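As structure tokens, the structure follows; a few thoughts come after it.
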Amino acid sequence: MNEDPDNAVRETGNASTEKAAPVPPQPLGLNLIIALALVGFLVLLIIFTDTSGTRASAGIRMTKDNWTLESYGDSTGTLVQVQPGTRITAVFRLDGRLSGSAGCNRYSTNYTVRDLAIIISPPISTTIVCDDPRIMQQESAYINNLQRTAVLRINESSLKLFDESGKPVLVFVNG
């Protein structure tokens, strides 16, 4: 028998003590190279995208259009369509003034925007009483929702105002 203990292990074939042969390095596949390039491109986009400019421009963008209310949150928090035959409007001015029609009465107030946050002060309004109690109820909900807004989202065709919990309270369209 061989007195060399290493040779004895090799002869008996004990796998627990055998060393595996090193695997030669494989060339990087084309898919891996493309994936790494895409990750690098995404990192550059994140670094150089001006998200603060996008948020700051939201307040300016809302002053470029007159807005007509499409739906509002009712007393249960459900978005409902504006009553047929009524027109509720909002005009945001660069000087921080907001005015429009609440459906029956005219209103005016102040607002401030910082990034995507918006604060609307309690409005003052005329005191005309409409014949239809549903229109007066809608107007009341609209005025209350104006004061509840905390966040805005705007795109080319709509302006959405949300409360602090992220629930939509007012949805406007251009016009």
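Given the condition surrounded by 14 or more Cβ atoms within 10 Å (Cβ to Cβ), touching a helix residue (DSSP H, G or I) at 6+ places or on another chain (Cβ under 9 Å), aromatic (Phe, Trp, Tyr) and at pLDDT 70 or above, answer yes or no: does some residue in the stretch 100-109 qualify? Yes: one or more hits. For the stretch 84-94, the tally of residues that are assigned to a loop (DSSP other than H, G, I, E, B) and either under 21 Å from Ile118 (Cβ atoms) or at pLDDT 95 or above (or both) stands at 3. The residue of the stretch 115-139 that is farthest from the chain's Cα centre (by Cα), among those that are among the hydrophobic types (A, V, I, L, M, F, W, C), surrounded by 13 or more Cβ atoms within 10 Å (Cβ to Cβ) and assigned to a loop (DSSP other than H, G, I, E, B), is Cys130. Could we say that Thr112 is closer than 26 Å to Ile60 by Cα, surrounded by 19 or more Cβ atoms within 10 Å (Cβ to Cβ) and polar (S, T, N, Q) here? Against the criterion (closer than 26 Å to Ile60 by Cα, surrounded by 19 or more Cβ atoms within 10 Å (Cβ to Cβ) and polar (S, T, N, Q)), Thr112 does not qualify. When the stretch 64-95 is examined, which residues are found to be of a type in the set (Gly, Ala, Ser), more than 21 Å from Ser165 (Cα to Cα) and touching a residue at least 12 places away in the same chain (Cβ under 8 Å)? Within the stretch 64-95, just Ala90 meets the criteria.
Please pick out the residue among Gly85, Gly100 that is in contact with a Lys or Arg (Cβ under 9 Å, 6 or more places away or on another chain) and not aromatic (Phe, Trp, Tyr).
It is Gly100.
Restricting to the stretch 140-166, give me the number of residues that are under 12 Å from the mean Cα position of the chain (by Cα), surrounded by 14 or more Cβ atoms within 10 Å (Cβ to Cβ) and either in a loop (DSSP other than H, G, I, E, B) or not aromatic (Phe, Trp, Tyr) (or both). Selection size over the stretch 140-166: 6.
The residues in the stretch 46-83 that are at pLDDT below 85, under 18 Å from Ile154 (Cα atoms) and polar (S, T, N, Q) can be counted, and the count is 4.
The values are calculated or read from the model by the stated rules, or taken from the named source; none is laboratory data. Remember, it's a predicted structure, so these values are computed and weren't measured experimentally. Using ideal geometry, Cβ is built from the backbone for each residue, glycine included, and neighbour counts are taken over all protein chains shown.
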